[in-house]
Structure formats: C-alpha cells, structure tokens
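The values are calculated or read from the model by the stated rules, or taken from the named source; none is laboratory data. Only a predicted model underlies this, so the values are computations on that prediction, with no experimental measurement involved. So basically every Cβ, Gly included, is an ideal-geometry build from the backbone, and we count neighbours across all protein chains shown.
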Amino acid sequence: MKENMPRRDFLKASLCGTGLTLAAGMGGFANQSSAETEKVAADPSGSCHLNIWIRVSQDNAVTVLVPKSEMGQGVHTALAMIVADELEAAWQDIRVEAAPTRDEYCDPVFETQLTGGSTSVRHMFSPLRKAAAAAREMLLAAAAEQWKVPAAQCTASAGSVKHVPTGRVLKYGELCTRAAGIQVPQDPPLKNNAAFKIIGNSTPRLDVPAKVNGTAVFGMDVSFPGMVYAAVVKPPRFGAELVSYEDATTSLGTGVHDVVRVGESVAVCADSFHSALEARESLKAKWDGGTQTDLDTSGLEKLLSEGLSQPGVTARNDGDVTAALESASRVITARYELPYLAHAALEPKNCTAFVQKDRCDVWCSTQYQSAVVGVAVKETGLSKDHVYVHTTFVGGGFGGRTEVEVERDAIRVSKAIGKPVKLIWTREDDFAHDFYRPGSCCLVRGGLDAVGNLVAWSHKVAVQSIVKRVFPGMIQLGIDPSAVEGIFDTEYAIRNFRVEQVLVDTPVPVGFWRSVGHSGNAFAVESFVDELAHAAGKDPLEFRLNMLKKRPGAYRVLQRVAEMAGWNGPLSRGTGRGLARHYSFGTHVALVAEVSVDRQTGMIKVERFVCVVDCGPVVNPDNVVAQMEGAILMGLSAALKEKVEFAQGGVQSLNYDDYELLTMSRAPRIEVYIMQSGEKQGGIGEPGLPPVAPALANAVFAATGARFRRLPISPADVRQALGAS
Amino acid sequence: MIALRINGKGYQADVPPDTPLLWVLRDCLNLTGTKFGCGKGICGSCTVLVDGEASRSCRTPAGSVQGKEVTTIEGVPEDHPIKKAWIEEQVPQCGYCQPGQILQAVELLAKDPHPSEEKIVKAMDGVLCRCGTYSRIKRAIIRASSEVKGK
C-alpha cells in the first residue's frame, strides 16, 4: 500500500471554532442540508479540531470527517473504525460527517476527491491511522500537562486517558480544548495491529439507523425555503441540437417561473417538481440531427463485431502464440458478446445548486466532488475557494455518480435565474442520459496439446474506451488499461499469450460501471477457461489449479470455494455447478454457482452462490459479506436480465419495465467466506462482480450442455439453445 | 385545498387533487423519507400504506386518499419489529429503496404475522433494490415475524 500522506499538512492543529472544516463547510444553508451538520450546529459548545479529520467535543463526541462518499459500500463506518481504533476512542462516541471539498481532503493517491476503484479503505487506511495516532498523542499530552505528570505514565483507552500510578481518569471531552493547543506530533507511534479492538470486528454501520427511520438525507431530499424545482427536456438522440421550444412561461401553467436553455436541453422551473414536470410536456422542444440518427442496438453490435476484424494494438505478447496455435493438437475458438448496461441506481440523478455573486453552493449525491468543483468554477467564473460542495448520501453510485452533467445543469439554471434550484431527472432522463457500461466483443482462441494442457491463448477485445473521454492520460502506447483489464493481467500461467485491443468509437457515451472492464472481460476469460477444460476432458477446477500453481492467492480461494460448495458432490438431474474466479482491485474472489434449468420455460433457477473472498486485512467483516452479496446480485441481474436497447439514434430502455432488474424471487442463497491469508489489502466494492456471469454460464453448461457466450441469458435464449441441441 | 391524514396527524395541502401523493408528501409536507424512484409504480421506492394497503404513492392522486389514513416511513414506530430487524440484520446499503421495502414488509406482517418464505418473496418481489439486499430483507422479515406474538 502506498503510504502517501495528503500533500497539505493535514496534521495541522486548529483551535476551536477556527478550524478549516468550519470555514469550509458551515456556510449559509448547511443546516437544512444535513442532519449531521444540524447536530453540530446545535452544539456550539467547544468542539475542537485535533486535525482536519478529527473533531472532539466537550460531550466526548468524536466526529470523523469522511472524505469519501457513502453510497452503501459502508465507507463512513469503515473509515471511522480505523480512526476510532487508533485514537482509542469509545465506539459509541463516534460520529461521522461528510468532509467538505477542499484540497486537504483529496485522495492521497488520486490527488482528487473521488470515491471509486474500490480504493477508499486502501488509500485512507494509513493516513487516517496516522492522524488518529497524532490526535491520541495530543490527548495524552494534554492529560499529562493537566496532571503535571510524565506522559509516559498515561494510557488512552475507550475515550479516556488514565494516569496509571494514581488511577485518575479524564475523558476526551474534558481534554479536547487543551489538546487542541498541543504541538502536533509529526511521527506519532502507531498501535500494534495485534492490539486492534475495532478493526476486524463486524461493526453495525453508522448510516443504517437513519436509512431505516427515513431521516437519511440523499441529494433528492435537500430543500430549503425559496428553492425552485427544475425539470429538463433533453435531446432524444446523441448529438442532436435544440432548434426551438416554447418559452412563454405564462402558457405553461400556474407556478411556473422560468424556462432556461441549458446547452441542448431546456429546463423549466416551478414551485413544485410536479408542476415543472407537467410544464415540461408543453415546451414543445424540437431537435435536429444527431451523431448517427439511425443508430440502433444491432448497428452497435455490428460496429463492435467489425472491430474484431480490424488490426488491434497488442497489450501483451508472451512467447509465440501463432506458432503455438499452429502446432497445437486442438484449437478452440469462441466469441463472447456483452451488452451496454445502465447504472439504474434507485435515486434518479439530481442536484441542488445556488449560485450567488460571491459563492456557489452545490448539494449532491456525487462520487466525484472535485469534478463538481471544476464544473462550478467553469460555469460561474468563481474561484474554487468560493465553491462549496455538500456531499449527501448517494442513493446508489456504481460509478454512475462520477459524472457531473446534472450538477452542471443545476448550476447553470441557478446562475441564470439567481435562485436556489433543485434539478431532478426523471427515471426516463436517467436511463436515456446515462454513461453506459460499454458493450464489447471478444474473440478468443486457445490451443491444447495432446494431453490437454493449455499451450496458447490469443485474446482480442473490441470495446469502446471509457478513459479516452474521462482520463485520456491513462491511454499509453494506444493501450487503454480498462479495456483489457482482467485479460492482460491474468493470473493463469500461459506460456504463449497474446492480448489485442481494438477501441471502437460510437456515439454512445460510456462510463465507469461497477468493476469497469473486468465486468465484461472476466466473462470471456472464465467462460473460455471452462470451455478449454471441457474440451481437454478435464475437471474445470483441476484445470484452473494447474495453471495457478505460482499464484497462491488465486489458488487458495479456488480450492476453498470448491471445498465449501462440495464441488465433486452429487447433484440432482437438471442441476449444474459452475466455477469462476477473478482477481481485480487487489482482491481475489472465487465463486461456485448452482443452477437448475427448466427446459420447458427456459428459466434458469439459481439455487445458490458460494463465495470465497480474500481482500487481505479486513476492517468490517460483515460489510465485506454485504458487498459480496450485493455484487453477486448485481452481477446476476446483469447476466440474466440487463441490456440497454438503442433505437433511432438514442436510448430505448427508459424505465424499469424495459430495463428489468433482478427481483427477490430470483435471488439465490449466498454463502460468503472471508479468507485471511496474509494477502495485501484489496478493495471490496467491485471485485465480487466479475466472476458472477461466468460462474452462472458455466453452471448452465454443466446443467444442460448448452454454452452461452452472449449476455444476458434470457429464457428465450435457453429455450432456443436447448431446442436446437 | 385537500385534507390529508398522515401518520395520525391532519394536514392541508394546496395542490390540485390529481397531484401524486408522493410529491405532496415530499415537497409540501417535507416527509422526504418516501422516495421518488421511477414515477410509474414499478420500483416500489415510493411505497406508503393507505388504510393499511401498500400503495405506490407516485401513482396515487393525493385527492384519492382524503378521508383515509396514510402511513409513511416516518410513521412506522421505531420499535416496530420490522424496523428493529432491519437494523439487526444490517439490511440497507445505499438505503434509497429501503423506506419502500420497509412499508411493503410492514403491510405483509400486518396481514400475515408469520409468512412462509414463499409468501415473503411474493409480497416483496415488486420492490427493487439495486444494491442487492434481498437476502437480508428476507432474513429481517423472518426475524421480525418471530417477534410478532401469536400464530
């Protein structure tokens, strides 16, 4: 793990009421926007910043300022656990608050404020421990000073400092004012990991009670007096230009104030969102043109498919694949196809913005605060010190809230009308203007020798690049790492191995979707390994283990999941077991799926998933289990149901009736085992997802003998395959 | 002006009677626990109880619930077995769909205090969760049901 500290002197102490956080985060409307902030505002009595991450108040509350967005992945709790443990705080005294958006709160590795890539715990673990250790040392020093005893005679535990020889005790709340004035230690001693009391123990999440009683504030729930609601009409096709619209507010109904052009969209502002929505229907907006007005699903599939016949950029080339394939006893070829996917988070995108002469406030459920600041600076001309981003809970991120289009539009509208504006996308807007997981095609060839060992693997992937638009600097020598991730960095030992990548341009906007390139690439790789094993007449488990002898992390999870699932155990007729493993975001995950298939209806019934995860040192085990459960269901939803349909140059899947998600009736039993084998710390938000679809498809093959190489696998596909076989 | 009874309290709202109950709750009465998800009654995030029946408030005209008792997430007691079980099982992830899930589950247990697993799935199948909390929802309902007296 990178031991980077934030670039600024984050350990700088600040006295009560003058702290950086107060200056940054407690402006005008904070009270109405966040329940946590309200508590702080109601408690002005001596809360002291020991550094930018930690505030201790006289009632002993310890507030951790969390720079990462809570979108269900449990990051508020995990980061607070790290602080609490190192600080020797009492867990019941811990509170969390979303950190303001300032350089000091940037991710130490990304150097920007962003929640993504399953990195929050990995990147913040060391910096937060160090900050908490420094705060603890300051509290110890404050107590020693107060008692006039050597600090070495004092110990900290459960939110108090004790003078060991005399047994005297002072609570952190009694020490915080004095502690805030103590010189900040720059190299505080860290606890021995063996002494962790909180880290590593399943801890109820701090955000759960508010999410159960309805008080949790999402972007959608921000409001304050004087605010107007905005609905937008957006172009029906990619690249279409707005040519005309009705802008006479009087004819648009009561309560409608303003109509504002925002780029190629039109926003209508009203007293209520319902009025804005109704008025939207009367805007009579007309667009012209579009990037490709006849674009549809089959046209996109053709583009990707044609990509496979174009010359690619070689991302990896070990040995001599061409020669090895020529001399192989058997060559297997397969083509895998993956659809475009939508994020489909339950909270439609929305943003509340208020642009004033000297400041811009933005309340949003974002994953990417720095990008919101960037767009605010660009739209308002204010310097970034005058932009205040207030991060709320995120009602589902999955990568989709790294985009800031809705924030940009809300800022533009507020700037135009001079009022606070809450801009809400409808579900249809959200589906039609997402940044989709790109569709892709893989053509894979594998060579087996006479005894069924893999001797060559050639893999060509045609996919649209995400980073070309988002982080173009990531493309080096023509290789987009997220296009080939999960292929070129395989754990399998393959002597002759070639990976080629073709980046296909289409008008469809694409973006990060839980596990990014891994989400589709693992399907091709782990399905193909299975195909090779069957072609070689070998057990898919043994075939894999044989290629992982030098990769103990991957080997161990695979072996363990097979044991847990009873890999070689008996199965009833019509039932099958499928195996898949994948390494992504620093974490190994192996899965066994058990399915039964109804040959009449084509319905795949997933009976259970067994999951073994090794993500190295764990902070909150129950949350790791929850993330595996969630990733398995999201992966299954994609594998069985999800596909964005395109027509007439735009998106045709506009709501949950034509982009169905997995429901409870198709959710399998899930068993998760967390393996602790001394691996480095890995991420947990994403790595559970990539192996889901191949485990499923491999299980369907085991149950039926039919191989599915195209997602999603619908009942009609199954009926057709089984009727034909 | 329409008169509403929500969580045992009376409210007046100056909206046309065809305004969806969802927006009256959220934007007029500041009861923001009830969530906007799809606007078409598909996802279930906006579920409330109307005289004890789980209803999609995005498709319920506010005028149609006059004289009826509406229950939202804010009106489900904190010690309700469902809310307690939701915390015990650590159900929510992002949490956005959970008020709808909870109201749907409250209706289920009110009508059938000890539902079979099959009945739980049938009752809950129309409420979407993108984070994949279904197995914990099921466990929480079973836990809550074991706390409800009588059979």
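Odds and ends about this structure:
- Extreme residue, nearest to A:Leu633 (Cα to Cα), among residues of segment B:123-151 that are of a type in the set (D, E, K, R) and at pLDDT below 95: B:Glu147
- If the condition is being crowded, with 22+ Cβ neighbours inside 10 Å, under 13 Å from the mean Cα position of the chain (by Cα) and facing chain A (nearest Cβ under 10 Å), then segment B:65-86 contributes B:Thr72, B:Ile73, B:Val76, B:Ile82, B:Lys83.
- Filtering A:Gly586, A:Gly566 for residues that are over 25 Å from the mean Cα position of the chain (by Cα) and on the phi > 0 side of the Ramachandran plot leaves a single hit, A:Gly566.
- Subset tally (residues that are assigned to a loop (DSSP other than H, G, I, E, B) and either without any contact (Cβ under 8 Å) to a residue 60 or more places away in the chain or facing chain B (nearest Cβ under 10 Å) (or both)) for segment A:203-226: 11
- Flag if A:Ala131 is touching a Phe, Trp or Tyr at 6+ places or on another chain (Cβ under 8 Å), of a type in the set (Gly, Ala, Ser) and buried (at least 24 other Cβ atoms within 10 Å of the Cβ): yes
- Test: B:Thr47 is more than 10 Å from chain A (Cβ to nearest Cβ) and buried (at least 22 other Cβ atoms within 10 Å of the Cβ): yes
- Exactly one residue out of A:Val169, A:Val149 is more than 27 Å from the chain's Cα centre (by Cα), part of a loop (DSSP other than H, G, I, E, B) and at pLDDT 95 or above: that is A:Val149.
- The lone exception for A:Cys611 - which of (1) over 23 Å from A:Ala716 (Cβ atoms); (2) facing another protein chain (nearest Cβ under 10 Å) it fails: (2)
- Only one of B:Ser55, B:Ser45, B:Ser64 that is hydroxyl-bearing (Ser, Thr, Tyr), on the phi < 0 side of the Ramachandran plot and part of a loop (DSSP other than H, G, I, E, B): B:Ser45
- Exclusive hit being part of a loop (DSSP other than H, G, I, E, B), within 14 Å of another protein chain (Cβ to nearest Cβ) and under 24 Å from A:Ser527 (Cβ atoms), set A:Glu660, A:Glu629, A:Glu671: A:Glu660
- Residue list for segment A:606-639, restricted to those being touching a strand residue (DSSP E or B) at 6+ places or on another chain (Cβ under 9 Å) and free of Cβ contacts under 8 Å to residues at least 40 places away in the same chain: A:Leu633
- The single residue among A:Val613, A:Val595 that is in contact with an Asp or Glu (Cβ under 9 Å, 6 or more places away or on another chain), outside any loop (DSSP other than H, G, I, E, B) and not acidic (Asp, Glu) turns out to be A:Val595.
- Here the condition is being touching a residue at least 60 places away in the same chain (Cβ under 8 Å), small (Gly, Ala, Ser) and under 27 Å from A:Ser365 (Cα atoms); of B:Gly95, B:Gly132, B:Gly100, it holds for B:Gly100 alone.
- Test for A:Gly520: is it without any contact (Cβ under 8 Å) to a residue 12 or more places away in the chain and not in a loop (DSSP other than H, G, I, E, B): no
- Which numbered condition B:Cys94 fails, given (1) surrounded by fewer than 23 Cβ atoms within 10 Å (Cβ to Cβ); (2) within 8 Å of chain A (Cβ to nearest Cβ); (3) not small (Gly, Ala, Ser): (1)
- Qualifying residues in segment B:100-151 (those that are touching a Ser or Thr at 6+ places or on another chain (Cβ under 6 Å) and within 12 Å of chain A (Cβ to nearest Cβ)) - the one surrounded by the fewest Cβ atoms within 10 Å (Cβ to Cβ): B:Asp125
- Residue match in segment A:195-202 (condition: closer than 24 Å to A:Ala141 by Cα, in a helix (DSSP H, G or I), more than 9 Å from chain B (Cβ to nearest Cβ) and over 30 Å from the mean Cα position of the chain (by Cα)): yes
- With respect to the conditions (1) farther than 23 Å from A:Leu661 by Cα; (2) under 14 Å from the mean Cα position of the chain (by Cα), B:Cys58 lacks only one, and its number is (1).
- Among the residues of segment B:55-62, none qualifies, meaning not one is loosely packed, with under 15 Cβ neighbours inside 10 Å, outside the structural domain of B:Gln98 (by TED's automatic domain parsing), at pLDDT 95 or above and within 25 Å of A:Pro225 (Cβ to Cβ).
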